[in-house]
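The values are calculated or read from the model by the stated rules, or taken from the named source; none is laboratory data. Given the structure is predicted, the values throughout are model-derived calculations rather than measurements. We place every Cβ from the backbone using ideal geometry, glycine too, and count neighbours over all the protein chains shown. With ligands, DNA and RNA removed, areas are computed over all heavy atoms of the protein, side chains included. Shrake-Rupley method; radii C 1.70, N 1.55, O 1.52, S 1.80 Å.
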Amino acid sequence: MDFASPLLLLLISPVVLAGWFSIRRGVSKYLIISRVVILSLLIVALASPYTLGTNTIKDDLPRITVITDQTMSMDLFDKDTGKKVFEALRTKTSTTQRQFAGISSPIGDEVIQAADNNNLVLVSDGNNNYGKDLFDAISLVSRTGTRVFAVQQKPLHNDASVEIESPKNLIMGNPNEFNIVVRQAGDTTSYRLDVEIDGKTEDSEIITQTERNKEFRISYTFNSLGTHGVKATITPSSEDRFDINNEFYKSVFVVPKPKVLVVMDESLLSVTRESELPPLHQIINRMYDAKTASTLPDDLMPYKAVIIDNKGAAQLGVENLKTFVSNGGGLVVVGGEASYDRGNYNNSPGEAILPVISRAGEYRGGNSIVIVIDTSGSTNAGSGPDALSAYPEINANARHIVDKIEPGGNIGAIAFGGKIGRIDIRLVSSSADKDKLKGEIEKFYPGDDNNPTNLGEALNEAKKMLDSVSGTKSIIVLSDGLINPNEGFAQAGEIVKQNIQIRFVQVTPSIGQAPQPNDEYERLAESIGTKVEVLIKDQRLKITTEEPSTTSAPTPTPTPSIHEYPLAAVDASHFITRYANISAVVTGYNDVMPKLGSSLLVATMRGKPILTTWGFGLGRVASFTTDNGAQWSGGESGVYRGDNSRLISSMINWAIGDPRPTGNVVVQAEDIWAGTPGKVIITSTASGTLPAVKLDGTQLDLSRTGPSTYETSISPEKTGFHDLSGYGIAVNYPLEYREVGFNNEKFKSAIESNGGRVYNEDEVEGLMLLDIKEKSVRTVEEPKSEKEPFLLAALALFLIEVIIRRMKDYSKDRPQIEDNLPRAAPAVEAEAAE
């Protein structure tokens, strides 16, 4: 409860004080207390107490703000679309328009600034490249009751852009991968791709691209130190609206092989033939300047990273390692039969450095869901504006489930209705995985009336999918409820016996009150002790994260066995896993649990950690909880073979961080986009002396940010390669031109997962306005006065006081009245007695 005038409550103090003085002067205590309480209640009422209550308001004429993107990338579309949408809506409801233009797209910021209206309609390509993240912005305003919609435009023109992705600092003598990404706005483009390294053409090919995004990998080994330049150029032979984004420059800095220390079993030190070493050591010896030892030396300063292979807790040298990592060194701890849970790491001093707890806990696995989608003929009730088809709502709910599953979970889908459609269960580790899966689900489509509802067969297929995973398992059936008699009863009964949860959901295109579930469908749900959940139009299924099951983990064996555990990336956006195409299988692992604050990057399909990382002080630590390839992770399908081996080198490179040798002055700067300032960090070992750093020969002004660190900002205008005191940087086209065309995946996902929808241009006046009106029901908080209880209490107390006083006065007066009555004469009394 709050008060509109809280300062008035201070009047209670003098009232209480006056009452106390009155009691001291002999006035009736009970009378004074009553009056003090009455006056206090009146003062509280005078202070205007109130509470916030919620009211549901339906807007028959909802307010709409049309946000029109007029930035440079929108030249691919009809730039009058925003105006047309505004004109179409303002004649039917209260509509305002906002526009933003320029060479950057702060769409997220615009959404937040316009959120005072109840409905936002975005006319944009959805390529946010400045300010607040668009997904976060839409989620934020949606929680306040603002709904966000968008209009999807087809580009009038095509355009293609090119980009090179790779680390900035590379190691001499090692194969390096450059990822060339070509994006297009339309459906088809043709071009010649040329890749130059240090001015020499390394690759040239003619390409016809039908994908929106296409990636090419170029492998190159640098044999000289210092700055090198990579340039990718596309020469389109078809329409290309902008030529500014047809060239991309990448500056890299090549350094000597960094020194690393490998602490291994003493028996491996005597191996002289490289081929007889475990695969891990072969990779390390090939790619780094490696020194080996059986114990940890006292001086670790010469090394960029320490790699500990299958060592027990007593052999870690904890204090020395803590100092080394805290000061910026890298640490990789590789598992095996003498390490982690098998090497007494649990509760040891060395475990404090690691991102995992080295004990076998309850095996929990991940949440695994199979969505069973009804695509029978009954879900597609004809066509035309008056047709009510349940399937769009069924498909939208299926995609909503994918959005809501947490990273690390497994999800698959079955479409039933005549022919069974199938999306194999897979690990979902990122938003990109979700977008891909939703795209596959969106391709499911209902058949005609001849397609029967074969739910039983679909349930069998879902059960088979879940047999390959562990942890919490559930099946969600999305249907219109029109199933055949006795369909799926036997299969559902068998499934629930295996501790697999089934949720039966009846999705309808109805508006308003939810209808009763179909009798046969409800009977099926009741047969396994559950109820049918009914969803109406635009209503989405609630997905809750349940406590995983507590079945025991499978015990890995130290020798190869028939048990194989496929690996998958849990976080595919991390530096280590971003370019690693993981398809490896291991036959054993150390049983550990990630600590709070760590990052689980790679796990088995059963959810057991294989690669977990975190930062410790200024350094980086990686726990690789399978072995060196000698027993558990070797073989043709192991992590040390083929493309999977990139995971090992990326893991060690990540732990190393900056591979450059420590010098007097070290410059750090990433390549930049034209128009976007770049940050330069300089580390100098010469205390008290300001380092001299020049950009293309021009001295830069530095600001001290620490005892030995300095910063500055640069913004070269000319694209191409630039020199920063011997450290090369590249300047490329403005970021606005990188993403081209309508962002159908991320933009659409951000809107639909927050209750909005993306419409085609021809749906604006009809369907979009109708949906906005239907959804224009908002809950608002309004103050509700709470004076009445205090006023009534004061009145009641006063009346009680008056009644009590009257009763007391009456009791005192009654004896006096009887005493004053005239008494009869004695003779009369005698007569009366006779």
With helices defined as uninterrupted DSSP H runs, which ones in the chain have an alpha carbon span along their own long axis of at least 27 Å and mean Kyte-Doolittle hydropathy of at least -1.0? 787-819
Using a cut-off of 18 Å between alpha-carbon atoms, which lysines can reach Lys257, once sequence neighbours fewer than 8 places away in the same chain are excluded? Lys168, Lys291, Lys304
Run the 1.4 Å probe and let me know the accessible area of Ile652, rounded to the nearest 10 Å². 0
Name the residues whose placed amide hydrogens come within less than 5 Å of the amide hydrogen of Val570, ignoring near sequence neighbours (fewer than 5 apart) on the same chain. Val602, Ala603
For region 742-757, Karplus-derived ³J(HN,Hα) couplings (6.51, -1.76, 1.60; θ = phi - 60°; whole Hz; x for glycine and proline) come out as 6, 7, 5, 7, 5, 5, 5, 5, 4, 6, 5, 6, 10, x, x, 7
Please list the non-local residues whose amide H lies under 5 Å from the amide H of Thr95, H modeled 1.01 Å from N, same-chain partners needing a gap of 5 or more. Ile64
Once R0 is set to 22 Å, what does the formula 1/(1 + (r/R0)^6) return for the Cβ-Cβ distance between Ala314 and Val271, expressed as a FRET efficiency to the nearest 0.05? 0.40
Report, in deg cm²/dmol and to the nearest 500, the calculated mean residue ellipticity at 222 nm for the chain, where each DSSP H run with n ≥ 4 adds -39500 (n - 2.57) and the sum is divided by the residue count. -7000 deg cm²/dmol
Of Lys438/Lys463; Lys608/Lys746; Lys154/Lys718; Lys438/Lys537; Lys436/Lys748, pairs whose Cα-Cα distance is over 24 Å: Lys608/Lys746; Lys154/Lys718
Rounded to 5, percent antiparallel among DSSP beta bridges of the chain: 60
Per-residue ³J(HN,Hα) for region 338-345, Karplus 6.51 cos²θ - 1.76 cosθ + 1.60, θ = phi - 60°, Hz, x for Gly and Pro: 10, 10, 6, 5, 9, x, 6, 6
Which of the GluC sites (Glu not before Pro) found in region 693-790 are in a DSSP loop and have at most 11 neighbouring Cβ atoms, other than their own, within 10 Å? Glu717
Amide H partners (placed H, <5 Å) of Ala160, local residues excluded: Arg241, Phe242
Please list 660-667, 801-808 highest first by mean number of surrounding beta-carbon atoms within 10 Å per residue. 660-667, 801-808
Determine which aspartates and glutamates satisfy two conditions relative to Lys464: a Cα distance under 19 Å, and not lying fewer than 8 residues away in the same chain. Asp374, Asp424, Glu487, Glu494, Glu564
Go through 526-538, 472-484, 33-45 and give me the packing order, highest mean Cβ count within 10 Å leading. 472-484, 33-45, 526-538
Taking a crude spin-label model, label points 7 Å out from Cα along the C-beta direction, the Asn664 to Asn327 distance in nm is 2.2
Any idea how far apart Ile207 and Ala432 come out in nm if each label point goes 7 Å out from Cα toward Cβ? 1.5
Express as a percent, rounded to the nearest 5, the fraction of DSSP beta bridges in region 110-186 (both residues included) that run antiparallel. 60
Here are several values of mean projected area of the Cα convex hull in nm²: [x] 61.8; [y] 64.3; [z] 51.7. Which one was derived from the coordinates shown? [x]
Using a 1.4 Å probe and counting only protein heavy atoms, arrange Leu702, Leu120 so the residue with the most accessible area comes first. Leu702, Leu120
Straight-line reach check, Lys132, cutoff 12 Å on alpha carbons, 8 or more apart in-chain or any other chain, hits among aspartates and glutamates -> Asp109, Glu110
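Using a Förster distance of 22 angstrom, determine the FRET efficiency expected from the C-beta separation of Asp538 and Ser94, and round it to 0.05.
Calculated transfer efficiency: 0.50.
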Put Thr375, Thr676 in order of accessible area, largest first, 1.4 Å probe: what do you get? Thr676, Thr375
Pulled fully out, how much extra length does the chain show between Arg805 and Asp723, if you take 0.36 nm times their separation in residues and subtract their Cα-Cα distance? 19.7 nm
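For the peptides 280-292, 191-203, 264-276, what is the packing order when you average, over each peptide's residues, the other Cβ atoms within 10 Å and list the highest mean first?
The densest-packed peptide leads the list: 280-292, 191-203, 264-276.
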Between region 591-646 and region 167-189, what is the C-alpha centre distance in whole Å? 25
Quickly work out the Leu31-to-Asp762 label distance, labels modelled 7 Å from Cα along the C-beta direction, and quote it in nm with one decimal. 8.9
